[in-house]
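Scroll down for the structure; my scribbles are underneath it.
Bear in mind that the values in this text are calculations on the coordinates, not laboratory data. These numbers were taken from a predicted model, which means no experiment stands behind them. As a convention, Cβ positions derive from the backbone with ideal geometry for all residues, glycine included, and neighbour counts pool all protein chains shown.
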Amino acid sequence: MADKVVGILGGGQLGRMLAAAASLLNIKIVILDVGEHGPAKQVLFPTSSQFSHIDGSFTDPAKIQDLAAKVDVLTVEIEHVDADALAQAGCPIHPSPSTIKLIQDKLAQKRHLEAHGCPVSKFIPVQSTVGSIHAAAKELGLPLMLKSRTLAYDGRGNFVLRELSQVPEALAALGDRPLYAEQWVPFTHEIAVMVVRSTTGEVRAYPVVETIHKENVCHLVFAPLRTRDATLSRRAQHVAEDAIRTFEGAGVFGVEMFLMENGGLYINEIAPRPHNSGHYTIEACETSQYENHLRAILSLPLGSTALKVPACAMLNIIGLSSSMAEVKALTDVALTVPGASVHLYGKAECRNGRKMGHITVVAESDAQLRTRLRVLLDALPSSPL
Ligand code: ATP
Ligand code: MG
Ligand code: MG
């Protein structure tokens, strides 16, 4: 497997975990991102100049060409890349640049899903004007979820409009970004499914997980989803698989969904890459999302997506301030918890709301998982549960 070199646009934590998986299969990785010592580059020591990383932006066409010249296949750990430049790269790219381009514009993504019969809640394009947002609120009701079409992550780009008097505040917060509006979804739970798709179009879903968000950021993931609804997990996996079949190219995809009181499902959004809700697969599944992404894009046999532990939870380590003190306090506790695996991303600076690492806890039962997780939640300054 050492004969194929993979280039990754983006060198954050997802690239770091892809690199860790690649090392086991002796797959060479070259990273394009700004800076010399980001999370992914730190764990990849180039053994020759051929494998030296590139210091530059994944939105810079010239740097994308430089990366393409060094590798056999290109992939992404972030969707906010220059998809048109990627399409000109002249080597295989997974998932396809057209898929990345479609997904990076959340309105285009929603239109695509709707056109292919995938369940999505109501949405409409809006202009960044008071009148246009008033009209959207009239059509879709309040509260109204205003979203930036592009460059969104961790809810930065979303504004919950509860009353019309907030429109100027919303416009100020979202700036001059292109917007659209979504109907407010009164979900009971958020769930997610990772799906891996091979170069021949085979799709395999991972187990359904429950995701718990706090202030728009994923804090906790529980795998597998616990529910009294006997059909829910299969239905959610089918929805996710059907959605991923509509996109071109190979790799893993994260499918975020809303679960309604009546058991109905809506797709919230899709990520064309490994996803936070799939970190747990490293310890809890027969093949991690990272290894399966590499297998998929290199046309190797896909690995089993089955769980190999009875119960699992993943807790994100989110920065509270510029101080690493809270991160250290939490990881010190995690090191004492049986079944807990600490992942730190090696980010140079800590910031409020920044994902600094995560902790995966595996257990023999839900009761044991709760006991183990409780120790970690009690060590948090403010618990999400
Ligand atoms: P990320 O890519 O980090 O998951 P994002 O910035 O793309 O986040 P979304 O996933 O669109 O943001 O939204 C963030 C969160 O906001 C969702 O996980 C959900 O909790 C809530 N949310 C999003 N859309 C709606 C909606 N239409 N109705 C109610 N809540 C919503
Ligand atoms: Mg998103
Ligand atoms: Mg999301």
Which net charge results when you count Lys and Arg as +1 and Asp and Glu as -1 among the other residues whose beta-carbon is under 11 Å from that of M257?
-3
Residue among H275, G263, L161 farthest towards the positive dipole end of the chain, charges placed on Cβ:
G263
Cα-based reach from K138 at 26 Å (exclusive), listing lysines while leaving out same-chain residues under 8 positions away:
K106, K110, K122, K147
If I stretch the segment between H37 and H134 completely, what's the gain in nm (0.36 nm per residue apart, minus their alpha carbon distance), one decimal?
30.3 nm
Scanning the chain for GluC sites (Glu not before Pro) in DSSP loops with at most 15 other Cβ atoms within 10 Å, what's the longest stretch left with none?
37-162
Within-9-Å neighbourhood charge of V309 [Cβ basis; K, R +1; D, E -1]:
-1
Mark the label point 7 Å from the Cα of A230 along Cα→Cβ and return the residues of segment 275-318 whose backbone N is within less than 17 Å of it.
none
Using +1 on the beta carbon of Lys and Arg, -1 on that of Asp and Glu, and nothing else charged, what's the dipole of segment 1-119 about the Cα centre, debye to 20?
240 debye
Length released on extending from A108 to T246, taking residue separation times 0.36 nm less the Cα-Cα span
48.3 nm
Reachable aspartates and glutamates from K355, Cα under 16 Å, same-chain residues fewer than 8 places away excluded?
E77, D154, E215, E326
For the chain, modelled as a GNM with alpha-carbon contacts under 10 angstrom, which of V362, V120, V76 fluctuates the most?
V120
Go ahead and set up a Gaussian network model of the chain, Cα springs under 10 Å, then flag whichever of R234, R273, R295 fluctuates most.
R234
Dipole magnitude of the chain, debye to nearest 20 (Cβ charges: Lys/Arg +1, Asp/Glu -1, about Cα centre)
300 debye
Would you calculate the separation in nanometres between label points at E286 and N216, each defined as 7 Å from the Cα along the Cα-to-beta-carbon direction?
3.9 nm
Cα shape, the chain, gyration tensor, a/c 1.5 rule:
rounded
Pulled fully out, how much extra length does the chain show between K308 and N26, if you take 0.36 nm times their separation in residues and subtract their Cα-Cα distance?
99.1 nm
Taking the chain and counting helices only, DSSP H stretches of n ≥ 4 at -39,500 (n - 2.57) each over all residues, the nearest-500 ellipticity at 222 nm comes to -8500 deg cm²/dmol
